[in-house]
Structure formats: C-alpha cells, structure tokens
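Data first, discussion second: the structure below is written as structure tokens.
The values are calculated or read from the model by the stated rules, or taken from the named source; none is laboratory data. What you see is a predicted model, and the numbers here were worked out from it, not measured in a lab. Counting neighbours? That spans all protein chains shown, and the Cβs are built from the backbone with ideal geometry, glycine included. When the accessible area is computed, the model is the full protein with side chains, heavy atoms only, and any ligands, DNA or RNA have been set aside. Shrake-Rupley method; radii C 1.70, N 1.55, O 1.52, S 1.80 Å.
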Amino acid sequence: MTTSSSSSLLALLIERIQREGPISFADYMRMALYEPGYGYYVTNATRIGWEGDFYTSTDVSDLFAHCVGRQLLQMWHLLGQPERFHVLEQGAGRGHLAEGVQAWAQREEPAFAHVLSYRNADIRMGRDALSEVATSVEEIHPHVLLSNELVDAFPVHVVEVRDQHLYEVYVDIHHGRLHEVLDEPSSGELAMYLERYKVPWQTFSNGWRTEINLDALHWMELAARLLPVSSARKKLSGFLLTIDYGEKARGLYTSERRHGTLACYFQHQLTERPLQRPGEQDITAHVNFSALIDAGRQYGLRLHQFVTQREWLLQLGIRNELEAIRQRDFALIETARASDQGQVALLQWYNLRHRVAALTDMAGMGNFKVLIMKR
Ligand SMILES: C[S@@+](CC[C@H](N)C(=O)[O-])C[C@H]1O[C@@H](n2cnc3c(N)ncnc32)[C@H](O)[C@@H]1O
C-alpha cells in the first residue's frame, strides 16, 4: 500500500531523477529518511516503540537506562566531578533514555542528579547530528555525547562487485517506478574505504555487495569537535558513547555476507526492499566500528572501550540490579507462591527476567556494540 506522503515523496524523487539522472543509493536514502516534510525521520507519525515500526533497548526495560546512568556516573568521577555535568544525547527519539537516567539518578544518586544536565537532540527537533549548522548551535560543550541506534540511520553508499570490478548502486526510474542500476562509483573514496579496511572485494564473486557509511566519518568529526578540549595535557575532558548494531570491519565485510546488511523496518516487519514506500519505512545498515574508531582517532579522540552490549550491561551490574529487585519486590514468590498475588508476582518476575535476557542475548541486542572514546 502506498500512502499519499510516500507518493508525494516518490513524485519528488522522480522529478529529481528526471532532472539529474540516476541518483546514488545514499542520496535516495537521504531523501527517504530526511527530506523536509516527507522523510521517515522528519515526519511526525509514531515510529519507535511497540506501536511503531521497531523498538529499541529503552523500550525493553528501564534497567537499560539504569546502566547508562551508572556509566555516566563513572564518567563524572573520571572527569573529576565537574559542578555541572553536561550530557547531550543525539538521535534521542522520544527522550525515554533521558527520563530513565534522570529518574534513576534522583532515586539512587541524588548528588549526581543535582549536577546532571541532560539535553536531548534529534533531527525531528531540527537538530541534525550530521549538520555543521545544527551542531554548532550546541552552546555548551557536553562532557558526554551519547547516542543509541543513531549511526545505523545515516545514508549509506551501496557498492556491488561484477567481474572483479567495483560498481555503485544508483536509483533510476523505469515506467514510473524506482529501480536500481549499477554504474561507476560516484567517488574514489568508496574504493579507498574498502582498501583501508583490507576488504579483498576483487576476490569476491559476482553480486557481492555492501554498504559504505561516509556520513559516519563526518559525524565523528563533528562529534569530536563538540567535546571540550582540556587546557591541561593528558587531563580527560569528555567522552563519546555510542551504541549500535554492527561489527569491526573484519566481521562486517566478509565474503559470506554477500548481500550486505541493509534492512528496512515497517510495522515490525523486516523487509529487504528499500525502494518500496519511500518515507514510510525505516532503512538502516550495520555500523563499521573500525571506521568510527579510526575517524575518532583522526579527530583527536582515544579509544576507551569497545565491547558488546551484553558485556557492557553485565559490567554495569544489570544482573545485580535484577537480583536486588527480586529480593525487594518479589518476596511473595517465595512466601505465597500459590496465592493469586504470588502468581501475579511470578509472572511479573518472569517478564522482567526475560526483558533483561533480551537486552543481553548474543543472538539479538546483546550483540550490539558499545563504543566509548575519550578526549
Ligand atoms: C532508531 S531511533 C533511536 C531512538 C532512541 N535513541 C532510542 O534508543 O529509542 C533513531 C533516532 O535517530 C534520529 N535521527 C536519525 N538521523 C538523525 C540525524 N542525522 N541527526 C539527529 N537525529 C537523527 C531519528 O529521528 C530517531 O529518533
């Protein structure tokens, strides 16, 4: 089904392609996600959460936000407990992570809650993490720049191997419909990128394709510029914490992963048809964390930690908190299991335990990666 907003975006795309010729997949994705008035991320419909197209860790359990809170508390200590501690979350969506962190801090760490200044930014609020103008309005340099599932949304170039030659995927029109065509890469940067990560694409068979996220490199530059610079050498001045699905380059660009990682989400259905419903469905690609780390280093940051979400949540005490909740809130399970209240408590306990299992499951969200860089 095509709605009126997707057909008007389609009209804009067709008009542009008629004017300019085929556009790169990255340009198509930029319009599908960000075109003012039409793009998936800039229109108002509910997209995230159980009623939307996909859910994130913040929808699964508050315990995720509590771990983020404990992480921020550690960072505050490492930075010498500044009197005002500025956190900026980019791509904050509905702001649920901020709410969860602040509620946790008020309850568990009131002194920290008192100094914590947590701001949300999202493209929907006109704060594009990829725009120099939008990021330059951040009047205060944050001590921590935070994001959860932001970088996977940035537009990606798609390349494909044919007869040991590298082509790029473009979007063209045929009988009024969008369709893919292959042509020479739009920039030499694409082949250089694969070279840099030692991807032996010349040895891969026809049809092997992957995505290249050049915007992620640009974002790292802007992000590094947002973090404060310390006057004293070697003194820590800020952190970048980003969580997403993806891998280091070695795990991402393998010959077995022939179709790349592009995925579209529409009403919790995973599809592989990015040209369908432009503006109506989410389009994402896995993140190359090697590229983020390299770019971060290039712009003056150092690696602090790179782990799976599972390891990170365990380090930050998610299991201990779960056990403390069991002892505090679910005593009835032991003392009156057969009663109605005992049965209700048991079901609620199973629910909570399953949610924590989902956040740490290596076949799912537990295999997301957590990258922390510092300046
Ligand atoms: C997958 S959602 C994650 C939302 C939230 N971080 C969470 O964990 O629930 C991605 C969010 O990033 C925002 N976003 C996408 N591209 C962005 C950009 N270039 N700049 C700022 N926000 C962006 C979207 O509007 C959306 O709210």
Inset, instruction - For residue 48, list long-range residues whose amide hydrogen, built 1.01 Å from N in the peptide plane, is under 5 Å from its own amide hydrogen. - result: 53
Legend entry - Cα-Cα pairs of segment 283-375 separated by more than 21 Å (percent): 52
Inset, instruction - Just subtract the alpha-carbon distance of residue 362 and residue 339 from 0.36 nm times their residue separation and send over the number in nm, one decimal. - result: 4.7 nm
Legend entry - 10 Å Cβ shell holding at most 11 others, DSSP loop, GluC sites (Glu not before Pro): longest site-free stretch of the chain: 140-255
Legend entry - Loop-located trypsin sites (Lys or Arg not before Pro) in segment 1-97, at most 11 other Cβ atoms within 10 Å (DSSP): 84
Inset, instruction - Report the net charge of residues surrounding residue 304, where surrounding means a beta-carbon distance below 13 angstrom and charges are Lys +1, Arg +1, Asp -1, Glu -1. - result: +4
Legend entry - Solvent-accessible area per residue for the chain (1.4 angstrom probe, square angstrom): 47
Inset, instruction - Taking the Cα centre of segment 70-127 as origin, sum charge times position over the Cβ atoms of Lys and Arg (+1) and Asp and Glu (-1), and report the length of that vector in debye to the nearest 20. - result: 180
Legend entry - Tail fraction, Cα-Cα pairs, the chain, threshold 27 Å, whole percent: 53
Inset, instruction - Give the percent of DSSP beta bridges with both residues in the chain that are antiparallel, rounded to the nearest 5. - result: 65
Legend entry - For the chain, built as a Gaussian network whose Cα springs stay under 10 Å, the top-fluctuating residue of 267, 298, 341: 341
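For a distance above 15 Å, tell me the whole-number percent of Cα pairs in segment 12-52 that qualify.
For segment 12-52, the share of Cα pairs beyond 15 Å comes to 49 percent.
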Inset, instruction - On the protein heavy atoms, probe 1.4 angstrom, tell me the percent of accessible surface of segment 319-360 carried by carbon and sulfur. - result: 52
Inset, instruction - Once you have the Cα-Cα distance between residue 350 and residue 182, take 0.36 nm times their residue separation minus that, and quote the gain in nm to one decimal. - result: 55.4 nm
Legend entry - Among 332, 222, 270, residue whose mean-square fluctuation peaks in a GNM of the chain (springs only between Cα atoms under 10 Å): 332
